[in-house]
Amino acid sequence: MARFIFITGGVVSSLGKGLASAALGALLQARGFSVRLRKLDPYLNVDPGTMSPFEHGEVFVTDDGAETDLDLGHYERFTGVAARKTDSVSSGRIYSNVLEKERRGDYLGKTIQVIPHVTNEIKDFIRIGEDEVDFMLCEIGGTVGDIEGLPFFEAIRQFSQEKPRGQCTLMHLTLLPFIKASGELKTKPTQHSVKELRSIGLAPDILVCRSEGPIPQKEREKLALFCNVRPEAVIAALDLKSIYEAPLAYHGEGLDQAVLDAFQISPAPRPDLTRWEDVADRIENPEGDVKVAIVGKYTQLEDAYKSIAEALTHGGMANRVKVTVEWVDAEIFDTEDPAPYLEDFDAILVPGGFGERGTEGKIKAAQFAREHKVPYLGICLGMQMAVIEAARNVAGFKTAGSEEFDHEAGKKRFEPVVYHLKEWVQGNYKVTRSASDDKGGTMRLGAYDAVLKEGSRVAEVYGTTRIEERHRHRYEVDIKYRDKLEDCGLCFSGMSPDGRLPEIVEWSDHPWFIGVQFHPELKSKPFDPHPLFKDFVRAAKETSRLV
Ligand code: GLN
């Protein structure tokens, strides 16, 4: 039976609650425990799949095809535990389940209410798979006091009461602002936020306090006294150079020990931190650096391409180089020549995206990379744009384009080299879609197998000819164009097992030009970098040596 750690936040958002949860998961693993991390989000969208990356950051996709919050990406990167559909839930999903049950007649005769029906639904969600792991870490999105979050806070209060004593703890993250004029760290916002928690029947066992500097003993004692926690359970979360230093930093602050103390686990198993020491060493001591341009649309918000940025960091760690990423707005190339913008980079990456805006610029970036022999990694839309570029500029299909853009514009302007997929095979099942389907959850989502061509670059990079990667897209490259494109040198080196769907393309006569229909970035970890990112950065390193 799992022990439960609930993680809440107060004072302000963006304190790094997801990161603290992920780092704690990693530390518990280092002490030999098995863990699973979950995110409970109070917003009303059923899932983040329909939210704008500008607003919410990247959508993280699980193997089993759920579109989830980007915090699940942190969880996976720190623990290596593959997230599942059942590790992420929102108010929208909870209410939609409750309403579905109400219509079905499951509660016949009853008045449906937040307590107990909504809170029961949340508790059932928290319980899923509780026998599988030693620790279940459940992070509640938002901050205490948000109206939307109340049912979740109430559910964890009930849950902790229903479990035997000592099986649940609460870790609360807050901010200790530093007031320059008086040179003081202020504890009052934290006191207020804990008071808010207590007013809804919750009391933290551990306080994680984000602060610019170490917490002096006097403030620690004050927090302990006013917030009713032990002084050792007041943990400082200081700013770090890299997020991957978080496990070691939190260990140094005594977080994992405080958690084990809260559960009265004694003696505490000794941690093995070698994995994180190696990671920290690679980050702190790079032997060179490379510059990668990400030519995309959502460049104002770095979180929109979170996993890609992280996967590049991992690739850098594997090659002992620091990867500096610069975001280039693809729309610039609608009117301007890409050369002056791209020629100083060691590699170019065109990420995934939706809609036509910026795509002509991405096509130009792919053309620049092909012609100037700069390493290119195209991910999802980035692969589709590379194929369109090849079709237009090499194979002579002058009007090559994607059906996605014609759908949007409501007219037919392009030869559909990339078309809307309406039917495909998933395992033993056939999936069908129509153009008028709902927008949420209707893409080709989750893990699919691909077969790689013997002797291709990707087969060499992966070291195998059978892979499984995560997908999130509606459109596919049409194999109708395969022969013509292969005659021009664009090799279709990865295909779906039934041979219908192109999964990978690569230019045979280019030092490193690969487009993939899936999202390799979602599976990369600092201690286990994804082979494509590892080799992409290696190729970038070669380029940087040439110049
Ligand atoms: N918009 C494209 C599609 O739906 C690509 C999606 C993506 O890049 N994730 O196929």
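What number of residues within the stretch 157-191 are without any contact (Cβ under 8 Å) to a residue 60 or more places away in the chain and of a type in the set (S, T, Y)?
Total meeting the criteria: 2.
For the list (1) touching a residue at least 40 places away in the same chain (Cβ under 8 Å); (2) open to solvent by 20 Å² or more (accessible area, probe 1.4 Å), I need the number of the one condition that F6 fails.
Result: F6 passes all but (2).
Within the bounds of the stretch 241-252, is there any residue that is at pLDDT below 95 and open to solvent by 70 Å² or more (accessible area, probe 1.4 Å)?
yes
To keep it simple, each residue is scored yes or no on (1) open to solvent by 20 Å² or more (accessible area, probe 1.4 Å); (2) touching a Phe, Trp or Tyr at 6+ places or on another chain (Cβ under 8 Å); (3) not charged (D, E, K, R).
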| position | (1), (2), (3) |
| --- | --- |
| P189 | yes, no, yes |
| R210 | yes, no, no |
| I235 | no, yes, yes |
| L238 | yes, no, yes |
| F263 | no, no, yes |
| P271 | yes, no, yes |
| T274 | yes, no, yes |
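Quick grid of which residues meet (1) surrounded by fewer than 24 Cβ atoms within 10 Å (Cβ to Cβ); (2) out of contact with any strand residue (DSSP E or B) (no Cβ under 7 Å at 6 or more places or on another chain):
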{"residue": "K291", "(1), (2)": "yes, no"}
{"residue": "A309", "(1), (2)": "yes, no"}
{"residue": "G316", "(1), (2)": "no, no"}
{"residue": "T324", "(1), (2)": "yes, no"}
{"residue": "D334", "(1), (2)": "yes, yes"}
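Take the residues in the stretch 466-479 that are touching a residue at least 40 places away in the same chain (Cβ under 8 Å) and outside any strand (DSSP E or B), then tell me which one is nearest to K430 (Cα to Cα).
Residue satisfying both the conditions and the ranking: R474.
I need the full set of residues from the stretch 480-529 which are within 16 Å of the ligand (Cβ to nearest atom), in a loop (DSSP other than H, G, I, E, B) and touching a helix residue (DSSP H, G or I) at 6+ places or on another chain (Cβ under 7 Å), in order please.
Passing the criteria: R500, Q517.
Pull up the stretch 118-149, narrow it to residues that are more than 26 Å from the chain's Cα centre (by Cα) and of a type in the set (A, V, I, L, M, F, W, C), then point me to the one that is surrounded by the fewest Cβ atoms within 10 Å (Cβ to Cβ).
If we take residues in the stretch 118-149 being more than 26 Å from the chain's Cα centre (by Cα) and of a type in the set (A, V, I, L, M, F, W, C), then I147 is surrounded by the fewest Cβ atoms within 10 Å (Cβ to Cβ).
Given the structure, is A386 more than 13 Å from the ligand (Cβ to nearest atom), at pLDDT 95 or above and crowded, with 18+ Cβ neighbours inside 10 Å?
Taking the combined requirement at face value, the residue does not satisfy it.
Among the residues of the stretch 361-379, write down those that are more than 15 Å from the ligand (Cβ to nearest atom), of a type outside the set (S, T, Y) and either open to solvent by 10 Å² or more (accessible area, probe 1.4 Å) or part of a strand (DSSP E or B) (or both).
K364, Q367, F368, R370, E371, H372, K373, V374
Check whether at least one residue in the stretch 255-276 is closer than 30 Å to K541 by Cα and acidic (D, E), and report yes or no.
So in the stretch 255-276, the residues closer than 30 Å to K541 by Cα come out as 273-276.
Okay, now just the ones that are also acidic (D, E), so none.
No, because not a single residue in the stretch 255-276 is closer than 30 Å to K541 by Cα and acidic (D, E).
crowded, with 24+ Cβ neighbours inside 10 Å, within 16 Å of the ligand (Cβ to nearest atom) and modelled with pLDDT under 95, is that true of G352?
Answer is yes for this residue.
Considering only the stretch 211-250, state which residues are among the aromatic types (F, W, Y) and under 22 Å from the mean Cα position of the chain (by Cα).
Answer for the stretch 211-250, where residues must be among the aromatic types (F, W, Y) and under 22 Å from the mean Cα position of the chain (by Cα): Y244, Y250.
Please work out if A304 is buried (at least 22 other Cβ atoms within 10 Å of the Cβ), aliphatic (A, V, I, L, M) and within 16 Å of the ligand (Cβ to nearest atom).
yes
For the stretch 99-117, give me the residue count where each residue is open to solvent by 80 Å² or more (accessible area, probe 1.4 Å) and at positive phi.
Adding up the residues that qualify gives 1.
For the stretch 389-430: of the residues being among the aromatic types (F, W, Y) and over 31 Å from the mean Cα position of the chain (by Cα), which is nearest to the ligand (Cβ to nearest atom)?
Step by step, filter the stretch 389-430, then rank; the result is F414.
With (1) closer than 27 Å to G254 by Cα; (2) without any contact (Cβ under 8 Å) to a residue 24 or more places away in the chain; (3) more than 16 Å from the chain's Cα centre (by Cα) as the list, and G32 as the residue in question, which single condition is left unmet?
(2)
State the number of residues belonging to the stretch 160-171 that are open to solvent by less than 10 Å² (accessible area, probe 1.4 Å) and either of a type in the set (S, T, N, Q) or out of contact with any strand residue (DSSP E or B) (no Cβ under 7 Å at 6 or more places or on another chain) (or both).
1
Any chance the stretch 172-182 includes a residue that's open to solvent by 10 Å² or more (accessible area, probe 1.4 Å), within 27 Å of P116 (Cβ to Cβ) and aliphatic (A, V, I, L, M)?
no
The values are calculated or read from the model by the stated rules, or taken from the named source; none is laboratory data. Remember, it's a predicted structure, so these values are computed and weren't measured experimentally. We place every Cβ from the backbone using ideal geometry, glycine too, and count neighbours over all the protein chains shown. Just the protein is used for accessible areas: all its heavy atoms, side chains included, with ligands, DNA and RNA removed. Shrake-Rupley method; radii C 1.70, N 1.55, O 1.52, S 1.80 Å.
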